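The values are calculated or read from the model by the stated rules, or taken from the named source; none is laboratory data. Predicted model, so just to flag it, every value in this text is computed and none were measured. So basically every Cβ, Gly included, is an ideal-geometry build from the backbone, and we count neighbours across all protein chains shown. To get the accessible areas, we keep the full protein, side chains included, count just its heavy atoms, and leave off ligands, DNA and RNA. Shrake-Rupley method; radii C 1.70, N 1.55, O 1.52, S 1.80 Å.
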Amino acid sequence: MADEEDRPPEATVDFVPAICFVPRGVTKEKPDKIVLTQEELARVIKDTKEQLETDDADDDDDDNNEIDENDTMEIDDNDEEAQIREFSFDNYEQEEDSRAVDITNVVDINNQIADDDDDSEAEDEIIKPTDNLLLVGHVQDDAAYMEVWVFNEEEESLYTHHDFLLPSLPLCIEWLNHDPGSDKSGNMCAIGCMDPIITVWDLDIQDSLEPTFKLGSKKSRKKQKEGYGHKDAVLDLSWNRHYEHILASGSVDHSLILWDLDEGRPHTTITAFKEKVQSLEFSPDEAQHILTGCADGRVRLFDCRDPQSVNSNFVKWKIANEVEKVLWNPNSNNYFVVGDNAGFLHYADKRHPKKFLWSQKAHEEEISGVCFNTKAENLLASTSTEGCLKIWKFDSNEISSVYSHEFEMGRLQCLKQSPEDPFTLAFGGEKPPRCRVYNIKNFETVRRAFDIPDVENI
């Protein structure tokens, strides 16, 4: 009885809303460890305390101003209720297993890999050129973490390397190799959260208490400081691989910002939206084009070359539901797929605005992830909050179902693809192990449909 009383309470909210692969060979073999002096630690604590006090004071001012404008105005809880529905906070059950990440064998999906007790901690600290990092945004009750895991496909291993606290619930993660102020390639990740400030972290540094830099600043009456950047949660990020100093962000505040990473300031702000911007991606071959998906049911393709005309210089497509995901086809850069909150997939050609090539009722609930495949060009993978992965065979005229798999991870919140092996997918959910890595070549039906050699014969 005493043991049960001493046991810490189990998390009632525990899920993975965002994940991201880091390519092989870009991370330091031994990331630098931060060792703070007493003075540095005191400064961090002091700065954090002051920031919290400033935020509280500004929030109180905002609340008072809203009440002064209309004394009889009731508080609108719609936004909070929408967030609860989005992440199903009210449906979480207590779980005995609170691990955030596990691996399902990338050769045999029914054989899970356990930690290798024979490996020393020293070996686990070393990141090999054949390792991917897997960045896992993990939420437990009112705490949010970025967990950095090491994944080696050849060795079929996945283990935690280190983690760090985040300022608020993570919604999206984007890897980028641009390090502002350096003439060398970097190994950074940008994180969008429920907080409007984007934080950027150096993945070659572990045990860091602070991000390398931030994008955005809240307005502070106490400090007499004007804010800039987003005013609400950041829902998606896209790094421009042609102009490496540019990062795009979409927000609940109905705007898209193109950030100049070297300056740390907005370069262009696009406000041609009537609702929250939920998904975006730069064109893989035309650096000036960015595709966006909005909760107003519109997909917009912007030409960003002229900041003065960008809000009117776009083409659009309209669907009946909210757009959850947009993704360019890397095998044929004129085409893209759209996923919506009713479970539909739509396929379009950027050269033909307002028209879709096909639309398919793919899932019963909202689309939470889509991936094309560069080795099987007519393969499309999709996930939904219903907890299901589906594999599709498609062309420009039609789409047909190939395979469906239930993960028993609750709501699947996110899907990402290995940069080196497009058949290796990572999923984030709400039930243990909350993040899994699968190689879909293990499914015999998938191998037959796409003429993929048997795994044992590869």
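Of the strands (runs of 3 or more DSSP E) contained entirely in the stretch 356-458, those carrying at least 3 residues that are farther than 24 Å from Leu171 by Cβ and of a type in the set (Ser, Thr, Tyr) fall at 399-406.
Could you say whether any residue in the stretch 201-218 is among the polar types (S, T, N, Q) and buried (at least 20 other Cβ atoms within 10 Å of the Cβ)? For the stretch 201-218, residues among the polar types (S, T, N, Q) and buried (at least 20 other Cβ atoms within 10 Å of the Cβ): absent. Of everything in the stretch 352-370 that is open to solvent by less than 10 Å² (accessible area, probe 1.4 Å) and hydrophobic (A, V, I, L, M, F, W, C), the residue that is farthest from Val437 (Cα to Cα) is Ala362. Can you tell me which residues in the stretch 230-279 are more than 17 Å from Cys189 (Cα to Cα), open to solvent by less than 20 Å² (accessible area, probe 1.4 Å), among the small types (Gly, Ala, Ser) and not in a strand (DSSP E or B)? Those that are more than 17 Å from Cys189 (Cα to Cα), open to solvent by less than 20 Å² (accessible area, probe 1.4 Å), among the small types (Gly, Ala, Ser) and not in a strand (DSSP E or B): Ala233, Ser255. Just a yes or no: is a residue in the stretch 310-323 surrounded by 21 or more Cβ atoms within 10 Å (Cβ to Cβ) and within 22 Å of Cys20 (Cβ to Cβ)? Scanning the stretch 310-323, I find at least one residue that is surrounded by 21 or more Cβ atoms within 10 Å (Cβ to Cβ) and within 22 Å of Cys20 (Cβ to Cβ), so the answer is yes. Looking at (1) open to solvent by 20 Å² or more (accessible area, probe 1.4 Å); (2) modelled with pLDDT of 95 or more, which one does Glu226 not meet, given that it meets all the others? The number of the failed condition is (2).
Scanning the stretch 204-216 for residues that are more than 16 Å from Thr268 (Cα to Cα) and either basic (Lys, Arg) or outside any loop (DSSP other than H, G, I, E, B) (or both) turns up Ile205, Gln206, Phe213, Lys214.
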